[in-house]
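Novice: This structure is in structure tokens; I'll ask about it shortly.
The values are calculated or read from the model by the stated rules, or taken from the named source; none is laboratory data. All figures in this text were calculated on a predicted structure; none of them were measured in a lab. Glycine also receives a Cβ, built like all others from the backbone with ideal geometry; neighbour counts cover every protein chain displayed.
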């Protein structure tokens with residue numbers, strides 16, 4: 001285990017702040033009469049106890065997630081989507097107007113949005129033409145005000161996993177927080193870094209219920225890290241950031257692991273089928289390797305094709321103006337029927 005103290009990186013005002021204390025944290029044990037939180041004691045128009053505030057730390061849900069991930073609840077943070085965890089990382093570790101963070105474009109756009117919102121300088125180190133990290137350029141960009149490095153793997157929008165040895169090299173040599181965003185890890189040939197959490201106290205993993213778990217509408221993201229870092233997440237977050245309905249529905253979903261695994265298998269199968277079919281066409285220049293539930297393709301007249309598909313009622317993402325993604329579309333893997341409709345529409349555009 002490397003010698004690392006995350007608390008030394010935390011902003012002084014965050015380290016010294018007194019967190020908000022919810023009414024339910026001020027006692028322990030069982031109670032029958034709750035007159036402490038100014039709730040509506042007469043009930044709720046809904047069939048469940050929605051008149052009461054939810055567990056602010058989602059302990060039941062975290063325990064169930066932990067049993068699947070092989071982690072104790074104290075190493076888990078749940079946020080309103082992974083975006084909440086991303087925002088909290090900037091708020092906890094980066095002094096506005098002074099500190100900086102590093103990303104590797106093209107990558108997930110919320111890193112940039114959160115950095116700008118929190119007045120944190122963002123250093124952009126472009127991925128190589130193979131969509132991998134240039135370690136030499138990274139080394140020259142790091143300074144004593146660099147607090148965070150964000151690595152999206154599998155990466156969005158490129159779909160590939162970042163070389164594992166490169167990530168380990170960064171974890172071993174960067175004396176700051178390394179955030180590995182594994183939103184698409186269920187679809188990847190590469191294993192998660194979750195087993196490395198005990199070895200690297202500077203590692204934060206992000207995962208989500210929005211992709212393989214099929215719960216995008218719930219807005220539920222996960223962060224896994226050392227207890228020191230998770231404690232700071234809980235210190236800074238809004239008190240009841242995850243609603244009762246979301247907690248209850250997520251608990252129900254966690255009973256359906258076999259269904260999720262089957263959907264994931266079908267998605268990967270359809271990804272490989274669609275990649276092969278697109279690669280056979282003369283108008284497709286490149287189908288980039290993907291470990292995600294989407295494909296990035298370089299194709300003739302990408303923007304015009306995107307507009308044609310919109311008219312046909314088929315929506316894909318035009319990434320042709322993104323760095324390193326010129327003439328590229330990002331295509332989410334759909335059902336077999338949806339993928340066949342897409343392929344026929346693309347062929348008709350070029351006919």
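Novice: Where residues in the range 305-331 are over 26 Å from residue 125 (Cα atoms) and touching a residue at least 24 places away in the same chain (Cβ under 8 Å), which of them is nearest to the chain's Cα centre (by Cα)? Walk me through how you get there before you give the answer.
Specialist: Filtering the range 305-331 for residues over 26 Å from residue 125 (Cα atoms) gives 305-316.
Then keep just the ones that are touching a residue at least 24 places away in the same chain (Cβ under 8 Å); that gives 305, 308-309, 312, 314, 316.
Numbers: 305: 29, 308: 31, 309: 28, 312: 31, 314: 25, 316: 20 Å.
In this case the residue turns out to be 316.
Novice: Could you tell me whether residue 267 is under 16 Å from residue 210 (Cβ atoms), touching a residue at least 40 places away in the same chain (Cβ under 8 Å) and buried (at least 16 other Cβ atoms within 10 Å of the Cβ)? Don't jump to the end; show me each part of the working.
Specialist: Working: under 16 Å from residue 210 (Cβ atoms): yes; touching a residue at least 40 places away in the same chain (Cβ under 8 Å): yes; buried (at least 16 other Cβ atoms within 10 Å of the Cβ): yes.
In short, yes.
Novice: Find the residue count for the range 332-341, including only residues that are in contact (Cβ under 8 Å) with a residue 40 or more places away in the chain and more than 19 Å from residue 131 (Cβ to Cβ).
Specialist: Initially, the range 332-341 is screened for residues in contact (Cβ under 8 Å) with a residue 40 or more places away in the chain, giving 333-336, 339.
Filter again for more than 19 Å from residue 131 (Cβ to Cβ), leaving 334-336, 339.
Total satisfying the criteria: 4.
Novice: Please find, among 293, 241, the residue that is surrounded by 13 or more Cβ atoms within 10 Å (Cβ to Cβ) and touching a helix residue (DSSP H, G or I) at 6+ places or on another chain (Cβ under 6 Å). Lay out the reasoning, then the answer.
Specialist: On the way: 241 fails: touching a helix residue (DSSP H, G or I) at 6+ places or on another chain (Cβ under 6 Å).
The match here is 293.
Novice: Filter the range 327-340 for residues that are out of contact with any helix residue (DSSP H, G or I) (no Cβ under 8 Å at 6 or more places or on another chain) and surrounded by fewer than 16 Cβ atoms within 10 Å (Cβ to Cβ) and give the result. Give the derivation first.
Specialist: Taking the range 327-340 as the starting set, the residues that turn out to be out of contact with any helix residue (DSSP H, G or I) (no Cβ under 8 Å at 6 or more places or on another chain) are 330, 332, 337-338, 340.
Correct list: 337, 338, 340.
Novice: May I ask you to verify whether residue 248 is in contact (Cβ under 8 Å) with a residue 60 or more places away in the chain, assigned to a helix (DSSP H, G or I), out of contact with any strand residue (DSSP E or B) (no Cβ under 9 Å at 6 or more places or on another chain) and not assigned by TED's automatic domain parsing to the domain that holds residue 189? Spell out how you get there, then give the answer.
Specialist: Details: in contact (Cβ under 8 Å) with a residue 60 or more places away in the chain: yes; assigned to a helix (DSSP H, G or I): yes; out of contact with any strand residue (DSSP E or B) (no Cβ under 9 Å at 6 or more places or on another chain): yes; not assigned by TED's automatic domain parsing to the domain that holds residue 189: no.
For residue 248, the condition - in contact (Cβ under 8 Å) with a residue 60 or more places away in the chain, assigned to a helix (DSSP H, G or I), out of contact with any strand residue (DSSP E or B) (no Cβ under 9 Å at 6 or more places or on another chain) and not assigned by TED's automatic domain parsing to the domain that holds residue 189 - is not met.
Novice: Considering only the range 272-309, state which residues are within 19 Å of residue 156 (Cβ to Cβ) and in a strand (DSSP E or B).
Specialist: 286, 287, 294, 295, 296, 297, 298, 299
Novice: Okay, next question. Which pairs have Cβ atoms under 7 Å, sit 6 or more apart or on different chains, and link a residue in the range 162-179 that is more than 21 Å from residue 94 (Cβ to Cβ) to one that is modelled with pLDDT of 95 or more and assigned to a helix (DSSP H, G or I)?
Specialist: 166/135; 169/135
Novice: Inside the range 113-132, can you point out the residues that are in a loop (DSSP other than H, G, I, E, B) and either under 17 Å from residue 322 (Cα atoms) or touching a residue at least 60 places away in the same chain (Cβ under 8 Å) (or both)?
Specialist: If we filter the range 113-132 for residues that are in a loop (DSSP other than H, G, I, E, B), which is where we start, we get 118-120, 125-132.
Result: 125, 126, 127, 128, 129, 130, 131, 132.
Here's the yes/no breakdown for (1) closer than 15 Å to residue 230 by Cα; (2) surrounded by 11 or more Cβ atoms within 10 Å (Cβ to Cβ); (3) not assigned by TED's automatic domain parsing to the domain that holds residue 112:
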residue: 10; (1), (2), (3): yes, yes, no
residue: 13; (1), (2), (3): no, no, no
residue: 18; (1), (2), (3): no, no, no
residue: 45; (1), (2), (3): no, no, yes
residue: 67; (1), (2), (3): no, yes, no
residue: 79; (1), (2), (3): yes, yes, no
residue: 88; (1), (2), (3): yes, yes, no
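Novice: If you don't mind, there's one more thing I want to ask. For the range 20-36, which positions are surrounded by 11 or more Cβ atoms within 10 Å (Cβ to Cβ) and free of Cβ contacts under 8 Å to residues at least 40 places away in the same chain?
Specialist: The initial filter retains those residues of the range 20-36 that are surrounded by 11 or more Cβ atoms within 10 Å (Cβ to Cβ), namely 20, 22-25, 34, 36.
Those that are surrounded by 11 or more Cβ atoms within 10 Å (Cβ to Cβ) and free of Cβ contacts under 8 Å to residues at least 40 places away in the same chain: 23, 24, 25, 34, 36.
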